[in-house]
Amino acid sequence: MRVAEAQRILDEAECLADGATIAGALDQLALGITGEYASRLPLMLCVMNGGLVFAGQLLTRLHFPLEIDYVHATRYGMATAGRSIEWLARPRLPLQGREVLLLDDILDVGATLAAIREDCLAAGASRVRTAVLVEKRHERKAVPGLRADFAALEVPDRFVFGYGMDYRGFWRNAPGIYAVKDA
């Protein structure tokens, strides 16, 4: 994709949530997570690359002791449709007996989050829950009824990008959440 085409995608996209809306949703999400984890010393696992912006913004709102690590598993790469999971990095900190909260950008179909969750449980985590910036509203989940334990926002079943989510590798840095035109 060329620069002009990437710019056109953003220019034509519909803004679903601006920075102020996202900030307010993150404040509310942080309250819920704090209520759940403030006395538990959880391990927060950022799912790279998409979860990076979300995790960075969320973690500064959590005012209790926690540890941070990351995992990198992907089904997309530079594509817009998922394929089999490719593991690029597993957590470095031991998971045995830990309460883990996975931090990711989006719960769409959920195959990647489900696989990471299962991998954490297999590594001995006592409990694994999920927190996402956005959850898509549809019934095509990898596991019927799959929902995030914590979600800042819900979005319609459209191709979204921004605030960590990409469109063909671009616009993770967009300051809001945008839906691709006609998608």
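Just so it is clear, none of the values below were taken in a lab; they were calculated from the coordinates. In this text the structure is predicted, and so the values were computed from the model without any measurement. All Cβ positions, even for glycine, are placed from backbone atoms using ideal geometry, and neighbour counts span all protein chains on display.
Ordered by the number of other Cβ atoms lying within 10 Å of each residue's own Cβ, fewest first, 88, 146, 133 fall into the sequence 88, 146, 133. Look at the dipole of the chain built from charges on Cβ: of 56, 66, 87, the Cα furthest out on the positive end belongs to 87. Taking every Cα-Cα distance in the chain and sorting them into 10 Å bins from zero, the calculated P(r) comes out as 10, 39, 36, 13, 2 percent. Compute a Gaussian network model of the chain, connecting alpha carbons closer than 10 Å, and tell me which residue from 105, 157, 166 fluctuates the most. Evaluated over the chain, the most mobile residue of the options is 157. Under the simplified labelling scheme, the residue 39-residue 96 pair shows an inter-label distance of 2.7 nm, with each label point 7 Å from Cα along Cα→Cβ.
Springs between alpha-carbon pairs under 10 angstrom, Gaussian network model over the chain: which of 33, 22, 116 fluctuates most? Per the Cα network of the chain with a 10 Å cutoff, 33 tops the list. For residue 133, the shell of other residues with beta-carbons less than 10 Å away shows a net charge of -3, using +1 for Lys and Arg and -1 for Asp and Glu. Measuring nothing but how far apart in sequence close Cα pairs (under 8 Å, 6+ apart) lie, relative to its length, segment 99-183 scores a relative contact order of 25 percent. Dipole check for segment 3-178: with +1 at the C-beta of Lys and Arg, -1 at the C-beta of Asp and Glu, and the Cα centre as origin, the magnitude is about 460 Debye. Length gained on full extension, residue 3 to residue 63, computed as 0.36 nm times the residue gap minus the Cα-Cα distance: 17.6 nm. Give, in nm to one decimal, the length gained when the segment between residue 18 and residue 122 is fully stretched (0.36 nm per residue of separation minus the Cα-Cα distance). Extra length available between residue 18 and residue 122 comes to 33.6 nm.
Using a Förster distance of 35 angstrom, determine the FRET efficiency expected from the C-beta separation of residue 11 and residue 138, and round it to 0.05.
Working: r = 27 Å, r/R0 = 0.76.
Efficiency computed from Cβ-Cβ geometry: 0.85.
Working from Cα pairs under 8 Å separated by at least six residues, relative contact order for the chain is 26 percent. Helical content of the chain, expressed as a calculated mean residue ellipticity at 222 nm, amounts to -8500 deg cm²/dmol (DSSP H runs of 4 or more residues, -39,500 (n - 2.57) each, divided by residue number, nearest 500).
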